[in-house]
Amino acid sequence: MLSLYVPGGSFIHRAPAAVKLLILLIGSAALFMVSSIPVHAAELVLIAGLFHAARLPWRDTVRQLRTAMILLIPIFLFHVFITDWVLGLETVLRILVLLLLAVLVTLTTKPTEMIDVLEAAARPLRHVGVNPSKASMMLSMVIRFIPMMMREAQEILEAQRARGLDRNAIALLMPLLIKTLKMADDLSEAIEARGYDPEPVVPVWRKKG
Amino acid sequence: MTTRDMVFVALFAALTAACAVFPPFQAPFVPAPIIVQNIGVMLAGSILGAKRGGLSLLLFVVLVALGLPLLTGWKGGFGVILGPTGGFILSWIPAAFVVGWFVEKYWHRLNFWNLLLFNVIGGVIVVYVIGIPWLAVVANMEFGKALAGSTIFIPGDVIKAAVAAAVAMIVKRSYPLVHA
């Protein structure tokens, strides 16, 4: 499955996705109100404990953090040379806490669970013209289409490499776009052929109000 | 919104993700590598228009936030959105919308040069206006310094806008989707 999720049975894995996302949301806002190195260091220890409790394999965590390091090191060096190292340490610690918290949620929550939370959270938006079931249908479609499109892109890349055109952006994008546009008609017909109706007619006797 | 519209929105979100497959380009006289992925942002706006293009990128960003590794280099997750470069990713939603808005408004007079301009307004200026202050706040940088650090990406971004304009013009001639 195309996802960063790592299966497990810890209490963090089992916690409802809504709770985890809410904590992440509040936590990330709170982080920017605190500027103290000891507090951030304590948070780091706490998060390390949570990672330990979630029994995540080191490999996955390290891989997630490696890309973050590419950004954190220049930011720290920037502060060392331009402002001062205390501010740099504080900034880097804060970003690290934020990233680790987010990585923890990402690694322990199934994307499908998060989509369900989103659909529930989007329900009040119905009053401003958003259709939550359509939105989650589209999300599911994207998840289904991504591996398909990546395969197409990979094929085009290989084909153009054989022609020596793999360094030509137009030669890569144009075939991918043509395939996309051709697919769109077939897919929408296939979806409707299976009885999907984006705006189902609600019988008069079921309408409220 | 018809089923066909929904399929287009989903396909262009997937297309933006699939652009992660293409390796970054190294153009002469351009210091930073050119990542193909933000061409997807401009293409969604210039081929689908404002509403569908913006929605398509909204779906893409939501899926990145939910933890699918869709960004170039197989990055993803909530951490990327909250991190120093998160503003650049979030800005893709209004970026596609703005490109699409101009394309809809000037659809009948669209040519390579004004489409290039619209791609630069939406796909470069909107992205920088959101991304750079975000970087400055998260990384505790001075705004001017964050701006200066980002200028090395401008030449590459303009090349991307030109590629997107060239491709979208071909699509407009053969398969118009905004005012069919």
*Tell me, what is the percent relative contact order of the range A:85-209, built from C-alpha pairs under 8 Å that lie six or more residues apart?*
12
*Size of the dipole of the range A:11-120 about the Cα centre, Lys and Arg at +1 and Asp and Glu at -1 on the beta carbon, nothing else charged, in debye to 20?*
360
*May I ask for the equivalent-ellipsoid semi-axes of the range A:11-120, computed as the square root of five times each C-alpha gyration tensor eigenvalue and listed largest first in whole Å?*
27, 15, 13
_Rounded Å value of the spacing that divides the Cα centres of the range A:98-116 and the range B:1-16_ = 25
*Accessible area that becomes buried as A packs against B, both chains, 1.4 Å probe, Å², nearest 100*: 5400
*Rounded if a/c is under 1.5, else prolate if a/b is larger than b/c, else oblate: which is chain A, with a ≥ b ≥ c the root eigenvalues of its Cα gyration tensor?*
oblate
*Crossing angle, helix B:37-48 versus chain B [Cα axis fit, 0-90 degrees, rounded to tens]*: 30
*asked:* Can you give me the angle between helix A:37-54 and the longest principal axis of chain A, using Cα atoms only, in degrees from 0 to 90, rounded to the nearest 10?
replied: 50
*asked:* Give me the percent of accessible area attributable to carbon and sulfur for chain A, probe 1.4 angstrom.
replied: 67
*For chain A, what does -39500 (n - 2.57) per DSSP helix run (n ≥ 4), summed and divided by total residues, give at 222 nm, in deg cm²/dmol to the nearest 500?*
-25000 deg cm²/dmol
*Shielding by partners - mean other protein chain Cβ count within 10 Å, residues of A:171-178*: 6
*Please report, to one decimal in angstroms, the Kirkwood hydrodynamic radius of chain B built from all distinct Cα-Cα pairs.*
16.2
*Would you compute, for the Cα atoms of the range A:90-209, the largest minus smallest coordinate along each principal axis and list the three values in descending order, in whole Å?*
64, 54, 24
_Given the -39500 (n - 2.57) contribution per DSSP H run of 4+ residues, what per-residue ellipticity at 222 nm results for chain B, rounded to the nearest 500 deg cm²/dmol?_
-20500 deg cm²/dmol
*Pairwise Cα inverse-distance average, inverted: Kirkwood Rh of the range A:131-195 (Å)*: 13.4
*Which net charge results for the neighbourhood of B:Arg4, defined as the other residues with beta-carbon distances under 12 angstrom from its beta-carbon, given Lys and Arg at +1 and Asp and Glu at -1?*
-4
*Provide Rg over Rh for the protein assembly as shown; use the alpha carbon set for both Rg and the Kirkwood Rh (inverse mean inverse pair distance).*
0.98
_chymotrypsin sites (Phe, Trp or Tyr not before Pro) restricted to the range B:94-131 and DSSP loop, no more than 15 other C-beta within 10 Å_ = B:Tyr106
_Surrounding net charge for B:Ala44, when Lys and Arg each add one and Asp and Glu each subtract one, Cβ distance under 15 Å_ = +2
*Once both labels are modelled 7 Å past Cα along the beta-carbon direction, what's the A:Arg55-A:Met33 spacing in nm?*
3.6
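The values are calculated or read from the model by the stated rules, or taken from the named source; none is laboratory data. Everything quoted here is computed from the prediction, not taken from an experiment. Using ideal geometry, Cβ is built from the backbone for each residue, glycine included, and neighbour counts are taken over all protein chains shown. Just the protein is used for accessible areas: all its heavy atoms, side chains included, with ligands, DNA and RNA removed. Shrake-Rupley method; radii C 1.70, N 1.55, O 1.52, S 1.80 Å.
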